[in-house]
Amino acid sequence: KHHNVLHLVTCVPAGRLSAGPGAPAGRGRAPPGQHAAYEHILVERRGEGERVTLIQLNRPKSLNALCSPLMSELLEVVHQAEQDPAVGAIVLTGNEKAFAAGADIKEMQDKRFADVYRGSFLAFWGGVAQCTKPVVAAVNGYALGGGCELAMMCDVIYAGEKARFGQPEIALGTIPGAGGTQRLTRAVGKSKAMEMCLTGDMIDAQTAERA
Ligand code: HXC
């Protein structure tokens, strides 16, 4: 194993993480057995033997806010990749400005406690963490709230120089309810996790790697 893979967060030079100018402009070629007609994500096969399923979050106008339809599409592709013996690993990425700026606030704002409790709100996101194949998050730009939590559900985080991690839910009067209170603590330690959750302050890629 490459040494870097042992770190939770590994910094890599800018430019290596976004799909970039060389990436296909439209929907990627559909992997065998998959259809490419997704509304909120782009999916393609990359790498040697095309054994990597690359999923790019694609709601740039909303900084890739993780609305339920996006997450349903994402989980569908993760499950398909998991079943497909030709796939060895999954890479999840966003763009230079945002990996994902969080769960979709506009979708959540009218929900009451009873709604989210009875409906196990966001519980299905956990399918990313439960995936039996390695899932790599390639993060640049904002990874906030649910975006940070989604990155932490992955097995490895490669962070570009523009990456910013944060759990700003406190500013909305809620908590990192998609696993962030637990995963962030395991990733960066209790003190830094408490500081991030209680202030909502972001940290950059270097700080995240050190932590
Ligand atoms: C919905 C979002 C969004 C989000 C950004 N946008 N974040 N929409 N949900 N989480 C939208 C904005 O409304 C805006 O759309 C467009 O994206 C661009 O955002 P701007 O704010 O204009 O960009 P900028 O000034 O560059 O600021 C970037 C930012 C800021 C600092 C990341 O957008 C921000 O603070 N966003 C919210 C981050 C956040 O609170 N995340 C946690 C969400 S709660 P329009 O249409 O206005 O142009 C969460 C909880 C999970 O994830 C668990 C709960 C139990």
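The values are calculated or read from the model by the stated rules, or taken from the named source; none is laboratory data. Not measured: the values here are computed from a predicted model. Cβ: placed from backbone, ideal geometry, glycine included. Neighbour counts: every protein chain shown. With ligands, DNA and RNA removed, areas are computed over all heavy atoms of the protein, side chains included. Shrake-Rupley method; radii C 1.70, N 1.55, O 1.52, S 1.80 Å.
Taking segment 53-68 as the range and being free of Cβ contacts under 8 Å to residues at least 60 places away in the same chain, buried (at least 19 other Cβ atoms within 10 Å of the Cβ) and not in a loop (DSSP other than H, G, I, E, B) as the test, the residues that pass are Thr53, Leu54, Ile55, Gln56, Leu57. Which condition number in (1) in contact (Cβ under 8 Å) with a residue 40 or more places away in the chain; (2) open to solvent by 30 Å² or more (accessible area, probe 1.4 Å); (3) more than 9 Å from the ligand (Cβ to nearest atom) is the one that Gln83 fails? Condition not satisfied by Gln83: (1).
Yes or no, residue by residue, for (1) within 20 Å of Ala103 (Cα to Cα); (2) modelled with pLDDT under 95; (3) open to solvent by less than 10 Å² (accessible area, probe 1.4 Å); (4) not basic (Lys, Arg):
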| position | (1), (2), (3), (4) |
| --- | --- |
| Ala143 | yes, no, yes, yes |
| Cys148 | yes, no, yes, yes |
| Ala151 | yes, no, yes, yes |
| Gly166 | yes, no, yes, yes |
| Ala171 | yes, no, no, yes |
| Gly180 | yes, no, yes, yes |
| Arg183 | yes, no, no, no |
| Ser191 | no, no, no, yes |
| Ala205 | no, no, yes, yes |
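Could you check, for segment 188-205, whether at least one of its residues is acidic (Asp, Glu) and within 27 Å of Glu76 (Cβ to Cβ)? Scanning segment 188-205 turns up no residue that is acidic (Asp, Glu) and within 27 Å of Glu76 (Cβ to Cβ). In contact with an Asp or Glu (Cβ under 8 Å, 6 or more places away or on another chain), open to solvent by 20 Å² or more (accessible area, probe 1.4 Å) and polar (S, T, N, Q): does that describe Thr132? Judged against the criteria, Thr132 is a match.
Take the conditions (1) open to solvent by less than 10 Å² (accessible area, probe 1.4 Å); (2) modelled with pLDDT under 95; Gln34 misses just one of them, which is (1).
Among what's in segment 169-183 and is touching an Asp or Glu at 6+ places or on another chain (Cβ under 8 Å) and within 12 Å of the ligand (Cβ to nearest atom), pick the residue that is nearest to Arg210 (Cα to Cα). Quick ask: steps written out before the conclusion?
Looking only at segment 169-183, we keep the residues that are touching an Asp or Glu at 6+ places or on another chain (Cβ under 8 Å), and these are 175-180, 183.
Keeping just the survivors that are within 12 Å of the ligand (Cβ to nearest atom) gives 175-180.
On the way: Ile175: 24, Pro176: 22, Gly177: 25, Ala178: 24, Gly179: 21, Gly180: 19 Å.
This residue is Gly180.
Taking the criterion of being hydroxyl-bearing (Ser, Thr, Tyr) and free of Cβ contacts under 8 Å to residues at least 40 places away in the same chain, the residues of segment 117-157 that qualify are Tyr117, Ser120. Here Arg118 meets the list (1) more than 11 Å from the ligand (Cβ to nearest atom); (2) of a type in the set (Lys, Arg); (3) in contact with a Gly (Cβ under 6 Å, 6 or more places away or on another chain) almost entirely, failing just condition (3).
When the residues of segment 115-129 are filtered to those that are of a type in the set (A, V, I, L, M), over 11 Å from the mean Cα position of the chain (by Cα) and more than 23 Å from Lys61 (Cα to Cα), the one that is least open to solvent (accessible area, probe 1.4 Å) is Val116.
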